[in-house]
Each structure stands twice: as C-alpha cells, then as structure tokens.
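Enquirer: Pasting in a structure now, in structure tokens, and then I'll have a few things to ask.
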Amino acid sequence: MEKILVKKNTVSDVLDRFFKVKERGSTIKTEVLGGLTTFLTMAYIVFVNPEILSATGMDKGALITVTCLATAIGTGIAAFWANAPFALAPGMGLNAFFTYTLVLGQGVPWEDALGVVFLSGLFFLVMTLGGIREKIANAIPSVVSTAATSGIGLFIAFIGLKNMGLIVSNPATFVGLGDFSLPTVLGLLGLGIMAICEVRKINGGILISIAITTIIGMFLGIVDTPTSIVSMPPSITPIFMKVNILGALKISLIGSIFSFMFIDLFDSLGFMMACYKNMGLVQGDEGSKGLKRMLQVDVSSTLIGAVLGTSTVTSFAESASGIAAGARTGLASVVTSALFLLALLFTPIVGIVPGYASAPALVLVGVFMFKSIGNIDFSDIKIAVPAFITIVMMPLTYSISIGLSFGFVGYIITHVAAGEIKKINMALWAIGALSVVNLVI
C-alpha cells in the first residue's frame, strides 16, 4: 500500500500564509529582526511619556503601565487588522500638547483633557467613515502642516532643555542659561551619547543613553537604586476610565480638539504614505486597502488610549527603522507588541529613571521633527510668513494650538494680499474662522 504523504503545517508555514511574508519578499527571520529594531528605537517612550504626562498630576506608575499597554494594543491591531509593520504609541508632541498646552497652560483637568483626546479620535473616525478626511486633507496647505511638524519639534526640544535644567526662567530676558549642576551635566552627556549613536547608526541609541546616565546617577547617589528588577506592573486604576467626555464639550476646547485631530491626521497620513511607498505597496489595491486600514487602526488606538488614560496613540515614525531593516508585514508588529508587553515586568527599572536622563530624548526627537523645515520654500514671502509664525509661536506661547491658529490665519492673509484667493477653499476659510475663535477665546 502506498503511503500518502501529508504535509504538516508548521508554525512557520501558518505565519507565512497569514502575514504574506514570502509574498512581500521577506522572511520570518527578517520580520523578527525588523520588529526588534522598531522596539529598540522607540522603547524610550516607556520612560518619556510617563515623565511628560505625570506633570499633570497623573500617577506615574499607572502611566508606565498604560504606555506599555496602549503601545502593545495599538501595534497588535496594526499587525492583525492591517498586516502592517507599524508600531503605535502615545505620540511625541501630542503628549506635550496634552500636558503643557491643555492642562498646565489652560488649566484643563487631565480628565477633561483625556476627553478632548477621545473626542478628537471620535471626530477623526467620523471623518474617515464619511470621506470628509480627504476633503480636509486637501484643504490644509502643505506649508502649514510641514511648519507645524518643525514647530512641534522646536517646542519639544525647548521642553527637553528646560527639563535638563539647561534653560531656566529669567525675569529680565524671560529665559536664560541655567547652572551646570550634576543632573544638567549628566543630561548633556546623555544628549551627546544619543547624538553619537545616531551618527554611528546604532539602533536604540536613546535607550542606551537613558540606561547609561541613569546608572551613572545611581553611582553618584542622585538616583535611587531599584529594590527589584522584575515585578508585577503598577495598577492602572488611578487613570483608567477617568476620561471625562462631557467636561471636554466646551466651546473653549474646540480649537484643541481640532488641533489634536489635525496633528494626528497629517502626521499619520504622511508617514504611512511614505512607508508604504518605501515598501513598494503604495500602488494597487493592497496598498490602498492597507493605508485605509492603518488609518482605522490609528483612530481606534486613540480611542482605546484615551480610555486607558494616555494622550493620543498614533503611528510612530520609529517604525521606519524596522522597515529599513526589512520588515514588510504585520509579523514584525507582533514582535514589537510582545516586547512592550514584556517590558511591563520591568517597571521597577523604568520607575527610577530621572528626568535628566529622559529629557535629552525630547531634544533629539525635536531635532528629527525640525528637519522637515528644509521642505519649506522661504524664498516665497507668502509661504515664509505663515510658516515662520507657525514655528516660532509654538515654543514662544508654549502652545501648539496657538501656533497652528496663527499659521492658518497668516496663510489666508498673505494669499489674499497676493491676490490668490482661489487657493483658499471653503474648508480653509472655515478652519481660519475656527483659528480666530481659538485665539480670541
């Protein structure tokens, strides 16, 4: 009797078929390495996000846990729903907006600020389902969105330098150079390590710098030694389900809701399109379907993050490092998500990281974001004025939404003066009107 050979489905075969690994010209090993690379380049968010948001009065321990959970959940959704090698986490810039503009700047309770984040995600979802997203995307001048990225970068870097103690308040000049105390010197050392790692193209440079400067601080006695290495993560109860949607339903917060939505929309859309193009998937049904699903992932992650207790969860630019390492499918995101869940066990180490160690990360992220200024044509004055005012007003007013509002109004004024009214459509007029309301209120 002839033996009938039955091919067994190995784990590798199942993963390959589900995630279309070979179909996209990749291998399981490459996807795993890509996911690990993405994790190493963005793991700093576990330290930095709680440091920023805890300034609002939110429990830092709970924020550490929520940051890991929100990142793991969002990245996991990207893996299984969109089959994309993208990681999602509380966005840099958006967390600064949450803390320094809304809560500390406008005196909005952090529970209400979470409501603003939730509503921005909800409106984003409505726009996505109703096709309004494309109309608004087409209405927003590219110069304002590009300038916003640079302005947020400058704003974040300013906060990082302030947290390092390098910049302090000065009654005569508003800001001045701080004392070179031990924490400030260690912060500068950390910034130098990060810069060297970037120049040498060493993955995880931010994480390496945070670890080195924290350990040095422990030896010098300015950082407490952890009582344990591994433990159960802190409870999320102090911030879980504390989102106050009704408290966010105020006319004075309309501008903030729009700003969250605007930043998330354009950062995500621009980043995703660039990455899909890099992966060779921008053309055809698969690329179109993938991009649409990733926008859905972005929206759902924002809503989930607000309920958990963190600022807007969005696609992370550091995912590009994993893609550069060869990641092409959601299998890489599965690896990244699993590593963030594993990080939950090491919260005692995360909890001792001092502000001076994580502050340099803000400066470096600010540098990355500010680089987009090179895409602005400053030789054209009607472009230069709104771009410049958008960029400088963010750090000078300590508010991202005010910078955006000035940018939109400035764009409309310069183009009307140049006789180019046709470039201002109805949607942009409406955005300009909202910007004026935001400035007045």
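Enquirer: Output yes when any residue across the stretch 240-256 is of a type in the set (S, T, Y), touching a residue at least 24 places away in the same chain (Cβ under 8 Å) and surrounded by 22 or more Cβ atoms within 10 Å (Cβ to Cβ), and no when none is.
Expert: So far as the stretch 240-256 goes, yes, one or more of its residues are of a type in the set (S, T, Y), touching a residue at least 24 places away in the same chain (Cβ under 8 Å) and surrounded by 22 or more Cβ atoms within 10 Å (Cβ to Cβ).
Enquirer: Name the helices (runs of 4 or more DSSP H) wholly inside the stretch 338-441 in which the number of residues that are under 30 Å from T41 (Cβ atoms) is 2 or more.
Expert: Helices (runs of 4 or more DSSP H) meeting the threshold: 347-352, 355-370, 381-397, 400-417.
Enquirer: On the given criteria, is V11 over 20 Å from the mean Cα position of the chain (by Cα) and aliphatic (A, V, I, L, M)?
Expert: So V11 passes the test.
Enquirer: Among (1) farther than 30 Å from S405 by Cα; (2) of a type in the set (A, V, I, L, M, F, W, C); (3) in contact with a Phe, Trp or Tyr (Cβ under 7 Å, 6 or more places away or on another chain), which single condition is I236 missing?
Expert: That leaves (3) as the condition not met.
Enquirer: Considering each of T75, T128, T99 in turn, give the residue that is among the polar types (S, T, N, Q), at pLDDT 90 or above, within 18 Å of I304 (Cα to Cα) and in a helix (DSSP H, G or I).
Expert: So the residue among T75, T128, T99 that is among the polar types (S, T, N, Q), at pLDDT 90 or above, within 18 Å of I304 (Cα to Cα) and in a helix (DSSP H, G or I) is T75.
Enquirer: Could you count how many residues in the stretch 423-441 are surrounded by 14 or more Cβ atoms within 10 Å (Cβ to Cβ), small (G, A, S) and either within 13 Å of L404 (Cβ to Cβ) or modelled with pLDDT of 80 or more (or both)?
Expert: Here the count works out to 2.
Enquirer: A further question on this structure: For the stretch 375-388, give me each residue that is among the aliphatic types (A, V, I, L, M) and either crowded, with 20+ Cβ neighbours inside 10 Å or touching a strand residue (DSSP E or B) at 6+ places or on another chain (Cβ under 8 Å) (or both).
Expert: I376, I383, A387
Enquirer: When you check A78 against the structure, is it closer than 17 Å to R293 by Cα and touching a helix residue (DSSP H, G or I) at 6+ places or on another chain (Cβ under 6 Å), yes or no?
Expert: Here the answer is yes, as A78 does meet what is asked.
Enquirer: Now, a different point. Which of the residues that make up the stretch 305-330 are aliphatic (A, V, I, L, M) and within 15 Å of the chain's Cα centre (by Cα)?
Expert: A306, V313, A317, A320
Enquirer: Then there's this: Quick check: anything in the stretch 36-58 over 30 Å from G151 (Cα atoms) and either out of contact with any Asp or Glu (no Cβ under 8 Å at 6 or more places or on another chain) or surrounded by fewer than 23 Cβ atoms within 10 Å (Cβ to Cβ) (or both)?
Expert: Yes: one or more hits.
The values are calculated or read from the model by the stated rules, or taken from the named source; none is laboratory data. Please read these numbers as outputs of a predicted model, since none were measured by experiment. Note: ideal-geometry Cβ built from the backbone for every residue, glycine included; neighbour counts use all protein chains shown.
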